[in-house]
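Rule-based calculations on the coordinates, nothing more; no lab input. Predicted model only: the values in this text are computed from it and were never measured. As a convention, Cβ positions derive from the backbone with ideal geometry for all residues, glycine included, and neighbour counts pool all protein chains shown.
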Amino acid sequence: MIEERHLGQVRCSYEMKRLGEHQHLVCRGCGRVIEFESPLIRELVAEVQHKNDFCVTRIELYLEGYCHKCKEERR
Ligand SMILES: [Zn+2]
């Protein structure tokens, strides 16, 4: 039982390493997709995993808005 739990954790941390590093900003004006990364996302996932005893294997973060260029044009 303990071993199984340990194995599960190992497998989970292996999956964690494969998680996509890049998240996406999508511009509503020109449709540009800008990749960004933040260590905060990894921290958030680690916290959520711990609190919910859940192994996260995929993150899809999609933020929609206006890029620098489109933001300027909308003024
Ligand atoms: Zn744009």
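Observations on the structure shown:
- Formal net charge of residues neighbouring LYS71 (Cβ-Cβ distance under 14 Å; K, R +1; D, E -1): +2
- Under Stokes-Einstein, with the Kirkwood radius over Cα pairs as Rh, the value for the stretch 26-75 at 25 °C and 0.890 mPa s is 188 µm²/s.
- Cβ-based net charge around ARG32, under 14 Å, with every Lys or Arg adding one and every Asp or Glu removing one: -1
- Spin-label model, ARG58/GLU35: points 7 Å from Cα along the beta carbon direction are separated by 1.8 nm.
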